[in-house]
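Notes to accompany the following structure.
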Amino acid sequence: MKYFIKTFGCQMNASDSERIAGLLKELGFQEASKIQEADLAIFNLCSVRQTAVDRIYGQFNLKSNLNKSKKKTKVFITGCILENDKKKIKEKVDGIFDIRELDKSFKKEIIKILKNEKNDFKTKLLNNRDLEATYLKIRPKYKFKDQAFVPIMTGCDNFCSYCVVPYTRGREWSRSKEEILNEVKDLIKNSYQEIVLLGQNVNSYKGKDENGKEIDFADLLKSINNLSGNFQISFLTSHPKDMSDKLIKVIAKGEKIKKEIHLPFQAGDDEILKKMNRKYTQKDYLNLIEKIKKEIPNVILSTDVIVGFPGETEKQFQETLKVIEKVGFKEVFINKYSPRKGTIAFKKYQDNISWSEKKRRWKEVFDLVEKINNVL
Ligand code: SAH
Ligand code: SF4
Ligand code: F3S
């Protein structure tokens, strides 16, 4: 039996796909080089923007073609999907499963498929975002040979008003220190050069150490830095509100820790930040950057911004440019606001900035970042 996985979205999804592949390998599946050759096709979806979802719908015409093929490929979807979209996609696929079910019902149902027994994917709609993320224990099939993703936490409790992630990925859940360290030690033994610690908000990590004592991200980073071996550590994404002094010091001192911080600020204007529920002001963010630059003089900073949030005036948009100019980011991921059903911003605010205006603002940010990096 062969499988094929198609991944959309961020590194978290890429990492989850490595765990899906790991499980299927353990069950005796082999990787197909083409979807048409697979018995099992899995689409790992992203819903962060509407454009991401639209692209996904396009892919499902595939299914009717696949079912006509000799293989009768079964198509399953997982990843970040809003309830509404699940209802729409349901009829087009053989099953939907929540990634937190990977080591539980998903495994059971796949074993039924392997034994040619009737499976319950359709009837059960395996879906439970409040489950513990024990699937992270699955031994992954890493995609790369020198750099490896190691998820340390998943889910999000922040509920930024525009964002689907708390709805699609469920509550924050952190792996234990022991589990993470074992995975990292294994990677070091296998000569991996770079360990990328992953999480929606890595710095809100709250795990347990071997004595059951609660530890934070700074403690975890320090322990990984103290492991012997020739490797580097990077991590993403960090939330400004959880960037403690203790953590900044650990990053500054850790000789294996890359001096790169991805710290999304999203918008420069205080009123917009409040409407976004980001829990900091422009001043808080700039003070934090000052502190980071002081402690880590060679730090490389990158960020995410959203342009055209509902009601964002030209003057408010200029505040975003101001922050970019002051900080001098190496890289800025620019997103045009996309209303997402079910989020607070969708319910409360009208998406009143036109597409062409969002595009114009996008270009203005883009040009500014170009200018900064060419001057530096
Ligand atoms: N946890 C990370 C971000 C995860 S989502 C953080 O808090 O920064 C990745 C990026 O997608 C976000 O930083 C944001 O810039 C963008 N994004 C999320 N929802 C969006 C939406 N509705 N419209 C446009 N961009 C969005
Ligand atoms: Fe989304 Fe905000 Fe959570 Fe990031 S912190 S995943 S932007 S809700
Ligand atoms: Fe997309 Fe989910 Fe990542 S919505 S950006 S795949 S966390």
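Take residues that are closer than 20 Å to residue 110 by Cβ and either in the same structural domain as residue 21 (by TED's automatic domain parsing) or modelled with pLDDT of 90 or more (or both) and tell me which of the helices (runs of 4 or more DSSP H) falling wholly in the stretch 31-99 contain 3 or more.
The helices (runs of 4 or more DSSP H) meeting that bar are 61-68, 83-90.
Restricting to the stretch 187-200, name every residue that is of a type outside the set (Phe, Trp, Tyr), in contact with a strand residue (DSSP E or B) (Cβ under 7 Å, 6 or more places away or on another chain), more than 16 Å from ligand 3 (Cβ to nearest atom) and open to solvent by 10 Å² or more (accessible area, probe 1.4 Å).
Those that are of a type outside the set (Phe, Trp, Tyr), in contact with a strand residue (DSSP E or B) (Cβ under 7 Å, 6 or more places away or on another chain), more than 16 Å from ligand 3 (Cβ to nearest atom) and open to solvent by 10 Å² or more (accessible area, probe 1.4 Å): 193, 194.
Being out of contact with any Ser or Thr (no Cβ under 6 Å at 6 or more places or on another chain) and within 20 Å of residue 160 (Cβ to Cβ) narrows it down to one of 242, 219, 269, so name that one.
The match here is 269.
Show the residue pairs that are 6+ apart or on different chains and have beta-carbon atoms under 7 Å apart, the first residue being within the stretch 36-54 and within 15 Å of residue 93 (Cα to Cα) and touching a residue at least 24 places away in the same chain (Cβ under 8 Å), the second being near ligand 3 (Cβ under 8 Å from one of its atoms) and of a type in the set (Phe, Trp, Tyr).
44/8; 45/8
If you scan the stretch 276-295, which residues turn out to be open to solvent by 50 Å² or more (accessible area, probe 1.4 Å) and part of a helix (DSSP H, G or I)?
Within the stretch 276-295, 283, 284, 287, 290, 291, 293, 294, 295 qualify.
Which of the residues spanning the stretch 146-186 are closer than 21 Å to residue 239 by Cβ, of a type in the set (Lys, Arg) and away from ligand 3 (no atom under 15 Å from the Cβ)?
175, 177, listed by residue number.
State which residue is nearest to residue 283 (Cα to Cα) when the search covers only the stretch 318-359 and only residues that are away from ligand 1 (no atom under 13 Å from the Cβ), in a helix (DSSP H, G or I) and open to solvent by less than 30 Å² (accessible area, probe 1.4 Å).
In this case the residue turns out to be 323.
Is at least one residue of the stretch 330-345 away from ligand 2 (no atom under 16 Å from the Cβ) and in contact with a strand residue (DSSP E or B) (Cβ under 8 Å, 6 or more places away or on another chain)?
Yes, there is a match, as at least one residue in the stretch 330-345 is away from ligand 2 (no atom under 16 Å from the Cβ) and in contact with a strand residue (DSSP E or B) (Cβ under 8 Å, 6 or more places away or on another chain).
The values are calculated or read from the model by the stated rules, or taken from the named source; none is laboratory data. Here the structure is a predicted model, which is why all the values come from computation and not from measurement. A quick note on method: Cβ atoms are made from the backbone with ideal geometry, for glycine too, and the neighbour counts reach across all protein chains shown. For accessibility, only protein heavy atoms count, side chains too; no ligands or nucleic acids. Shrake-Rupley method; radii C 1.70, N 1.55, O 1.52, S 1.80 Å.
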